[in-house]
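The structure appears below as structure tokens.
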Amino acid sequence: MSSPSIQKIPFIDLMVQQERIRHEVDAAVSRVLDHGQYIMGPEVLELEKKLGELAGGVEVISCSSGTDAIWLPLLAYGIGAGDAVFLPSFTFTATAEAVCLTGATPVFVDIDPQTFNIDPASLCIALADVRAETDLRPRAVMPVDLFGLPAPYTTIEPIARENGLAIISDAAQSLGGRSGDVPVGKLADVTGTSFFPAKPLGCYGDGGAIFSGSSDLAETLRSIRVHGRGASGKYDNVRVGTNARLDTIQASVLLEKLKIFDEEIALRQHVAGRYEAGLWDVVTTPSVPQGSVSAWAQYTIVCEHRDDLAAALDNVGVPTQIYYPCPLHQQLPYLNAPKPKAGLPVTEDLTSRVLSLPFYPYLPSHQQDQVIESIRQFYIRRETKTTLGAAT
């Protein structure tokens, strides 16, 4: 543990942003309190409109969480028992959880060692294995835009089309990112994102949104979001649905945050660039394919002696996190889920070597320098110790 005399820098500091827009957020929340439309108030519709513009002109259905944002599309496609949904094992449990909640079966796929995102070659192998060895019906692929970087959708799309798969993007971390000229929200058939407070665009509670280029699918999603509601009103139920609405107060907060979102995405690029410049020669820094823009939800390095490094950083007041210490296919709820016969070697290797560093748009340069220098000093000391040991 770090010494009490050492002032620990924050892993993420949400208060800096709050202080910047506190007056505007207070005013926005007060407007909701004044009009009293706490459920599906005007701010919800305004937020959906602005998010649709951000994503290049798609329909947006706000909802109550990032988990709902990937669960509802599965329901809208009618995916359920006997169906297979392909997804990476290197992700948070919500990705697989949403599949299981429909009664469908998650099929785990390996990842690219450079980007941490789903490996299209492994997807093809998993598809072949499922068809050869199970009675499952392949129905969808759910790429995860891990740490803010869009998955390789241009490669995934022809595979999905050839195999009759819907592409449902888990973009919980990547809103604000791009692949070429196409923004997140328009890269897949349907996209779900999260407004959990620590996300690049976060509210002050739980929240999420679904992006779709299909008006018919959007209509179905809006119905499922509110108890399967039909066109005639509250007591006209045309399907089994759920209660997954984003409340108006959270929408009002997000509207204020959207006003500075582009600037914050630019600041995230700057912080990521400083880490790259300071660390590229001592650890493996994140890889962003040419033409892509990451939203940089996290800054995650791949390193040797990960646990020793994390302990050394903690001792000098630098916090770290491990996303993710155990892949999903090795966790109790998913032990029997299908995966390629060759296994998931990249996933299993990276879970022992990834380490996420302090990161947020307003990270002070001197604190970032402290992180960089502490990492460099760790490897210098280790190399010196190794050299001295070899000499003796």
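The values are calculated or read from the model by the stated rules, or taken from the named source; none is laboratory data. Everything numeric in this text was worked out from a predicted model, so none of it was measured. Glycine gets a Cβ as well: all are built from the backbone with ideal geometry, and neighbour counts include every protein chain shown. Accessible surface is based on the protein model in full, side chains and every heavy atom, while ligands, DNA and RNA are left aside. Shrake-Rupley method; radii C 1.70, N 1.55, O 1.52, S 1.80 Å.
Some points to look at:
- Karplus-derived HN-Hα couplings along the range 202-215 (A = 6.51, B = -1.76, C = 1.60, θ = phi - 60°), whole Hz, x at Gly and Pro: x, 9, 10, x, 9, x, x, 7, 10, 10, 8, x, 9, 5
- Per residue accessible area of the chain, 1.4 Å probe, in Å²: 44 Å²
- Computed Rg/Rh of the range 96-252, alpha carbon atoms with Kirkwood Rh: 0.99
- Share antiparallel - DSSP beta bridges, the range 115-224, percent rounded to 5: 55 percent
- Calculated P(r) tail over 16 Å for the range 78-145, as whole % of Cα pairs: 42 percent
- For the range 242-291, the share of accessible area belonging to carbon and sulfur comes to 49 percent (1.4 Å probe, ligands and nucleic acids excluded).
- Where the Cα pairs of the chain fall when distances are cut into 10 Å bins, in %: 5, 22, 30, 25, 13, 4, 1, 0, 0
- Binned Cα-Cα distances of the range 173-241, short to long, each 10 Å bin given as a whole percent: 20, 36, 33, 12, 1
- Take the Kirkwood radius over Cα pairs of the range 220-274, plug it into Stokes-Einstein at 37 °C and 0.692 mPa s, and you get 236 µm²/s for translational diffusion.
- Highest to lowest packing among 157-170, 17-30, 274-287, scored as the average C-beta count within 10 Å: 157-170, 274-287, 17-30
- Peptides 140-148, 241-249, 39-47 ranked from most to least packed, by the mean per-residue count of other Cβ atoms within 10 Å: 140-148, 241-249, 39-47.
- For the range 75-133, the share of accessible area belonging to carbon and sulfur comes to 59 percent (1.4 Å probe, ligands and nucleic acids excluded).
- Relative compactness, the range 1-128, computed as alpha-carbon Rg over 2.2 N^0.38 Å: 1.50
- The range 246-392: C-alpha pair distances exceeding 23 Å, %: 51 percent
- Under 16 Å between alpha carbons - lysine pairs in the chain that sit 8 or more apart or on different chains: 8
- Spatial offset of the range 296-323 relative to the range 136-183 amounts to 28 Å, using the alpha carbon center of each.
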